[in-house]
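Data first, discussion second: the structure below is written as structure tokens.
The values are calculated or read from the model by the stated rules, or taken from the named source; none is laboratory data. Predicted, not measured: the structure shown is a model, and the values here were computed from it. We place every Cβ from the backbone using ideal geometry, glycine too, and count neighbours over all the protein chains shown. We work out accessible area using only protein heavy atoms, side chains counted, and drop any ligands, DNA or RNA first. Shrake-Rupley method; radii C 1.70, N 1.55, O 1.52, S 1.80 Å.
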Amino acid sequence: MVHGIFNSGRCFNKMALHFENQGYAVHRPTLRPNFGFASLPQLSCLVKDYIDAHIPEGARLHLIGYSMGGVILRHLLQDQLGILVRTLSFSTISSPHNGSLNAWLLPLPGWVDMRQSSRFLGNLEKGDHQIARHCKPLSLWTPLDLVILPQSSSIWSIARNEKYIVSMHPNMIRNRKILDRITRHILEAEVALAKAA
């Protein structure tokens with residue numbers, strides 16, 4: 001689980017407990033700096049370093065990215081094909097896949113990366129075919145989001161996009177319907193792997 005700007009791994013407390021109770025080994029690293037001083041590729045490298053240090057080589061992965069964390073993971077999967085082939089499912093929650101108007105508030109590297117039509121997002125869009133060939137991501141969003149503007153920026157062209165009426169950006173990762181939907185997405189991926197074996 002990868003958090004967004006201004007957050008830490010603790011923002012996933014409820015979600016982590018949900019999946020731990022189902023027997024999953026849950027990892028939710030805290031990325032620093034998390035205020036936009038680091039570019040998204042730099043934060044992506046931190047996630048890779050965490051995976052290399054804490055998760056056994058070859059272990060299957062279910063990736064969940066919240067807000068900026070979803071875009072960080074999107075870069076990771078394009079940049080690290082070894083991690084992509086290990087990934088069974090990829091879910092994003094209120095992630096600015098097409099940028100956010102709020103990213104113009106500060107001229108910091110991480111904020112610049114999340115601006116609409118940024119070079120970073122343009123390059124990601126060109127590389128999305130790598131992810132699409134491997135899995136069908138899930139992108140969950142709410143039209144009541146006040147952080148991702150416009151809210152439809154969370155709609156990702158290669159993903160299964162689903163709209164939920166959830167008030168406020170932070171409530172998305174605590175909402176029971178969201179937790180249940182990601183659970184189903186994970187189970188679908190595991191069933192597909194078992195059938196292919």
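Just a few scattered comments:
- Qualifying aspartates and glutamates (Cα of each under 17 Å from Cα of Lys48; at least 8 residues distant if same chain): Glu57, Asp79
- Rolling a 1.4 Å probe over the protein heavy atoms of the range 89-197, with every protein chain left in place, gives an accessible area that is 59 percent carbon and sulfur.
- Label-point separation in nm, Phe37 to Asp79, each point 7 Å along Cα→Cβ: 1.9
- Fraction of C-alpha pairs exceeding 18 angstrom in the range 97-197: 57 percent, rounded to a whole number.
- Charges were assigned to the Cβ only: +1 to each Lys and Arg, -1 to each Asp and Glu. The resulting dipole of the chain about its Cα centre is roughly 320 debye.
- The residues of the chain have, on average, 47 Å² of accessible surface per residue, using a 1.4 Å probe with all protein chains present.
- Karplus-derived 3J(HN,Hα) values for the range 160-170, using 6.51 cos²θ - 1.76 cosθ + 1.60 with θ = phi - 60°, are 7, 9, 9, 9, 10, 8, 10, 6, 6, 3, x Hz; glycine and proline are entered as x.
- Projected label distance in nm at Val26 and Lys177, using a 7 Å step from Cα toward the beta-carbon: 2.2
- Compared with the direct C-alpha span, the chain from Ile55 to Ala197 gains 48.8 nm at full extension, assuming 0.36 nm per residue.
- The lysines whose alpha-carbon is closer than 23 Å to the alpha-carbon of Lys195, local same-chain residues fewer than 8 away aside, are Lys136.
- Note on the chain: helix-only mean residue ellipticity at 222 nm, from DSSP H runs of 4+ residues weighted -39500 (n - 2.57) and normalised by residue number, equals -12500 deg cm²/dmol.
- Debye equation applied to the C-alpha atoms of the range 1-130, log10 I(q)/I(0) at 0.13, 0.20, 0.22 Å⁻¹: -0.50, -1.18, -1.40
- From phi via Karplus (6.51, -1.76, 1.60), per-residue ³J(HN,Hα) for the range 184-194 in Hz, x at Gly/Pro: 5, 4, 5, 5, 4, 5, 5, 5, 4, 5, 5
- Kirkwood hydrodynamic radius over Cα pairs of the range 12-80, then Stokes diffusion coefficient at 10 °C and 1.306 mPa s, in µm²/s: 123
- In order through the range 49-64: 3J(HN,Hα) via Karplus (6.51 cos²θ - 1.76 cosθ + 1.60), integer Hz, x for Gly, Pro: 4, 5, 4, 4, 8, 10, 10, x, 4, x, 5, 6, 10, 10, 9, 10
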